[in-house]
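All of the numbers you see were taken from the coordinates with simple rules; none came from a lab. Small disclaimer: the values here were computed from a predicted structure and weren't measured. In this analysis, Cβ positions are derived from the backbone assuming ideal geometry, glycine residues included, and neighbour counts consider all displayed protein chains.
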Amino acid sequence: ALGPSFSGLESRTMLFAELVALRFTDEYHWRAESTEKMPSEEEGAVGGRSEDAEWRAYARALPAEYDDPLQWPQDQADELLRGTNLAAATSHRRGWLRRQFRLLESACAEEPAALPGHVFTWERMLWAQSAFSSRGFPHFLAVPPGVRAASLTPADEAAVGCMVPALDILNHDAAARVRWERRSDRLCFVTEEALPAGAEVCNNYGPKSNEELLLCFGFVVPSNPSDAAAVTLSAPGADTDPLAPLRRRVARAASLIRPRMYITKDDPLPAEL
């Protein structure tokens, strides 16, 4: 079991750490207490050593390289993304992961028996972050209907997500009509339209802009119908005015401003602008 040294790590970071440990060392064994208590677990179907080899094989089958901006050389990313919202989002994500990586290093040094600290490197944590970002699913899909993970707060549940082997290889199609069904012992992916023999089965990642697609998945969609550019307005001197945060809150409460507006092909000039 993990001790208090790991308490500062977010649940998603622990998922990254487990992916790295399963992929890069044979010393680590899947922690049964980290999985959901599914009805079949008593029979050894979930979380115990019986799944150890399966999850290790899954972690080792994941692609070795990804194309999202965190994987680009940092000087190249800074140059290509300068002045864009994506630059700020990439910097924020990189900074968060760097802080979590340092906490993980410290925790492993204090409790070396809990996790194989020698296997964690910055490059491997970047790999795990990209693997999860491009292949992860919402956490609620991992929990059967009517069941909630006692170990996760609602905020954690929204942040941590889950991995779904096999279904994570489906490409994105914004026009695909699909749905997910959670059952007591399985997760079902259902297409809501007939597919001819030999046709590609696609998932629908949702109405995401090209910025979000590039950040999370490493690709963009030409003529993306959901593409949008976020615009945030501020007055001169707002960054140094000590009363600026209060003024913004008052203006928003009075519906005088919106914190962020989106420019789209259908609405290239929002009325607020």
Using the basic label-point model (7 angstrom from Cα toward the beta carbon), what is the Ser223 to Leu167 distance in nanometres? 3.1 nm
Theoretical FRET efficiency, 1/(1+(r/R0)^6), r = Cβ-Cβ of Asp267 and Val190, R0 35 Å, to 0.05: 0.60
Segment Cys202-Glu27, extension gain: residue separation times 0.36 nm, minus the distance between their alpha carbons: 59.4 nm
What is the spin-label model distance, in nm, from Ser91 to Ser106 if the labels are put 7 Å beyond Cα along the C-beta direction? 2.4 nm
